[in-house]
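Asks: Please see the structure below; I have some questions.
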Amino acid sequence: MNIAVIGTGYVGLVGGTCFAEMGNQVTCVDIDVDKVTTLQNGRLTIYEPGLEVFFERGIRENRLTFTTDLADALEPADVVFLALPTPPAEDGSADLQYVLGVADHIGQLLAANPHWGYKVLVDKSTVPVGTAARVTAAVEAHGLASGVHFDVVSNPEFLREGAAVEDFMKPERVVIGTSSPRAAETMHRLYQPFVRSGNPIILMDEASAEMTKYAANALLATKITFMNEIANLCDRVGADVDHVRRGIGTDSRIGPKFLYAGIGFGGSCFPKDVQALHRTAREEGYEFRILKSVLDVNEDQKKTLVPPVLDTLADARGRLDGRRIAVWGLAFKPHTDDVREAPAHVLIREFVSRGAEVVAFDPEAIETTRATFAREPLAGTGTLRYAESAYAAASGADALIVATEWPEFRRPDLGRVRESMRTPLVFDGRNVFEPAQMVEAGFAYRSIGRPTPEACTLDAETSAPLAPEALSSFTISETGVLTLP
Ligand SMILES: NC(=O)c1ccc[n+]([C@@H]2O[C@H](COP(=O)([O-])OP(=O)(O)OC[C@H]3O[C@@H](n4cnc5c(N)ncnc54)[C@H](O)[C@@H]3O)[C@@H](O)[C@H]2O)c1
């Protein structure tokens, strides 16, 4: 099939590349000239595991091309995907200017070229209920000749950044929202090779498909937030959220995923989608209270490590002048370079505003962080610099914050980290370490929702961690096995 993908960001580039890998002829369009030039030169513009091989093959075999010219891509296309940004507007609703702007342009081109044939226009962006109808209206507004046929389909995308290629190639389900049998048949044909193992293609109306995407993201964000609140309570009552997670995750009605407590969710989807759904509800006169709570709790959760850091390192005025803080992880989650709404950035802004010297490391997200802070500069008297490795970041630091659970942060040489730090203080925002292991390694350690063994307490006089001999008299292993001494 011939496919046009309009918008070549995380979704458009992954989707376009994967459609090409499946043998389709794909043209990706973007208005960002630099991005298109980079892609035309065979270089990727995002980091996504597994993308490079398909990308290079698609280009080499001439199935994948890039352009800034919408008309070039639209003319031969059977299916046209709109993978455009839908950022939050001032009032929290999804800003549809990009989607409707492109729909308008498509309408102009189709009106001027009635011989281009039938097109399926697909809303791939996450868009509020009613958008398929608005896209249809924007195209039809150009007074199309009677021979021009098109249908608008809602086909929300469920890929996870960091596993986007795998998710796109083997989706757990494909949701197709359309009332047109012709469009449904085309979409079915396009997606059939992606669901050969039997995962369903679920056909529904446009509005239900649009709602399905928001419902999925809002439920996942709620699940994470619920667990973060359980963790906050565990901290207060002395329970361990990791045990609670295993205890409830084995219940098939709950399931084991999205139960990991931490310093809040970020990314380009959950925050804006929860906000947009809340706004949609409000526009309909319905107060979706749980969503407001999810957003509020998550904002607080991103800063949950600030008070303990200040308690330990700040002066009486709450300043961190002269303190060096290492941050491991900048991306909003591992395996991506995406830093949109990343909790690490919230912490860095806070520490720099209080005068700290922040030294950060991330395996993939340093360049995207640089670009973000160039656009929206840090305020305050502190500084931020980037280290070449996790060890280099920790060296000389008064505290180490783990903000993203990259695998390489899970099993570092703790002795080396401990030796190189000025004060062996670790705030683990993603619970990547075991508290007992950290005590043994000589750190003062704090994580999210897990009791800190007494031995981790920092000696107020010497700033050194207390001796680890007072570990409890029994241990409970990862799998929950109790070992007596
Ligand atoms: N990123 C994800 O994990 C993910 C997952 C599922 C759904 N979504 C949704 O998919 C949509 C796209 O998300 P994304 O993360 O790929 O966004 P993105 O910002 O990474 O990419 C959007 C691209 O569209 C381009 N663009 C803007 N206006 C254009 C125009 N007029 N013509 C051509 N190109 C134009 C931009 O230059 C950019 O390259 C959003 O609605 C998002 O909510 C994203």
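Asks: Within region 106-119, take every residue that is of a type outside the set (S, T, N, Q) and part of a loop (DSSP other than H, G, I, E, B) and give me the one that is farthest from residue 11 (Cα to Cα).
Replies: Among them, the one singled out is 117.
Asks: So which of 77, 71, 111, 89 ends up being among the small types (Gly, Ala, Ser), open to solvent by less than 60 Å² (accessible area, probe 1.4 Å), in the same structural domain as residue 132 (by TED's automatic domain parsing) and touching a residue at least 60 places away in the same chain (Cβ under 8 Å)?
Replies: Step by step, each of 77, 71, 111, 89 is checked, and only 77 is among the small types (Gly, Ala, Ser), open to solvent by less than 60 Å² (accessible area, probe 1.4 Å), in the same structural domain as residue 132 (by TED's automatic domain parsing) and touching a residue at least 60 places away in the same chain (Cβ under 8 Å).
Asks: If you don't mind, another one. Hey, among 340, 430, 370, which residue is without any contact (Cβ under 8 Å) to a residue 24 or more places away in the chain, under 25 Å from residue 267 (Cα atoms) and not in a strand (DSSP E or B)?
Replies: Selected residue: 370, the only one of 340, 430, 370 that is without any contact (Cβ under 8 Å) to a residue 24 or more places away in the chain, under 25 Å from residue 267 (Cα atoms) and not in a strand (DSSP E or B).
Asks: Take the residues of region 1-60 that are assigned to a helix (DSSP H, G or I) and of a type in the set (Asp, Glu): which is farthest from the ligand (Cβ to nearest atom)?
Replies: Here the residue is 56.
Asks: Can residue 137 be described as surrounded by fewer than 17 Cβ atoms within 10 Å (Cβ to Cβ), part of a helix (DSSP H, G or I) and in contact (Cβ under 8 Å) with a residue 60 or more places away in the chain?
Replies: No; evaluated as a whole, the condition is false for this residue.
Asks: Before we move on, is residue 294 of a type in the set (Val, Ile, Thr) and away from the ligand (no atom under 14 Å from the Cβ)?
Replies: yes
Asks: Specify which of the listed residues (163, 183) is surrounded by 19 or more Cβ atoms within 10 Å (Cβ to Cβ) and at pLDDT 95 or above.
Replies: 183
Asks: If only one of 316, 331 is modelled with pLDDT under 95 and in a loop (DSSP other than H, G, I, E, B), which one is it?
Replies: 316
Asks: Which residue, of 189, 196, is farther than 24 Å from residue 152 by Cα and either acidic (Asp, Glu) or more than 16 Å from the ligand (Cβ to nearest atom) (or both)?
Replies: 196
Asks: Select, from 122, 127, 99, the only residue that is within 12 Å of the ligand (Cβ to nearest atom), buried (at least 21 other Cβ atoms within 10 Å of the Cβ) and part of a loop (DSSP other than H, G, I, E, B).
Replies: 127
Asks: In the list 346, 309, which residue meets the criterion of being surrounded by 23 or more Cβ atoms within 10 Å (Cβ to Cβ) and not assigned by TED's automatic domain parsing to the domain that holds residue 262?
Replies: Criteria check complete, one pass: 309.
For (1) in contact with a Ser or Thr (Cβ under 9 Å, 6 or more places away or on another chain); (2) crowded, with 19+ Cβ neighbours inside 10 Å; (3) charged (D, E, K, R); (4) under 30 Å from residue 87 (Cβ atoms), each residue gets a yes or a no:
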| site | (1), (2), (3), (4) |
| --- | --- |
| 230 | no, no, no, no |
| 243 | no, no, no, no |
| 257 | no, no, yes, yes |
| 264 | yes, yes, no, yes |
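Asks: So, residue 202, is that one over 23 Å from residue 176 (Cα atoms), at pLDDT 95 or above, surrounded by fewer than 21 Cβ atoms within 10 Å (Cβ to Cβ) and among the aliphatic types (A, V, I, L, M) or not?
Replies: So residue 202 fails the test.
Asks: Hey, another quick one. Could you list all residues from region 179-197 that are aromatic (Phe, Trp, Tyr) and assigned to a loop (DSSP other than H, G, I, E, B)?
Replies: none
Here is a yes/no grid of residues against (1) farther than 30 Å from residue 145 by Cβ; (2) over 26 Å from the mean Cα position of the chain (by Cα):
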{"site": "50", "(1), (2)": "yes, no"}
{"site": "59", "(1), (2)": "yes, yes"}
{"site": "84", "(1), (2)": "no, no"}
{"site": "87", "(1), (2)": "yes, no"}
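Asks: Collect the residues in region 316-332 that are open to solvent by less than 50 Å² (accessible area, probe 1.4 Å) and either closer than 30 Å to residue 9 by Cα or of a type in the set (D, E, K, R) (or both), keeping them in residue-number order.
Replies: Scanning region 316-332 gives 327, 328, 329, 330, 331, 332.
Asks: List every residue pair whose Cβ atoms lie under 6 Å apart, where the two residues are 6 or more positions apart in sequence or sit on different chains, the first residue falls within region 399-418 and is assigned to a helix (DSSP H, G or I), and the second residue, located anywhere, is buried (at least 17 other Cβ atoms within 10 Å of the Cβ).
Replies: Partner pairs satisfying both residue conditions: 409/328; 409/402; 409/432; 414/441; 417/394; 418/424; 418/441; 418/442.
Asks: Here's another thing I want to ask about it. Is region 145-166 home to any residue that is among the hydroxyl-bearing types (Ser, Thr, Tyr), away from the ligand (no atom under 16 Å from the Cβ) and without any contact (Cβ under 8 Å) to a residue 24 or more places away in the chain?
Replies: Checking region 145-166: at least one residue is among the hydroxyl-bearing types (Ser, Thr, Tyr), away from the ligand (no atom under 16 Å from the Cβ) and without any contact (Cβ under 8 Å) to a residue 24 or more places away in the chain.
The values are calculated or read from the model by the stated rules, or taken from the named source; none is laboratory data. This one's a predicted model, so the numbers in the text were calculated from it and none came from an experiment. Here the Cβ is made from the backbone with ideal geometry for all residues, glycine too, and neighbour counts use every protein chain on show. Accessible surface areas use protein heavy atoms only, side chains included; no ligands, DNA or RNA. Shrake-Rupley method; radii C 1.70, N 1.55, O 1.52, S 1.80 Å.
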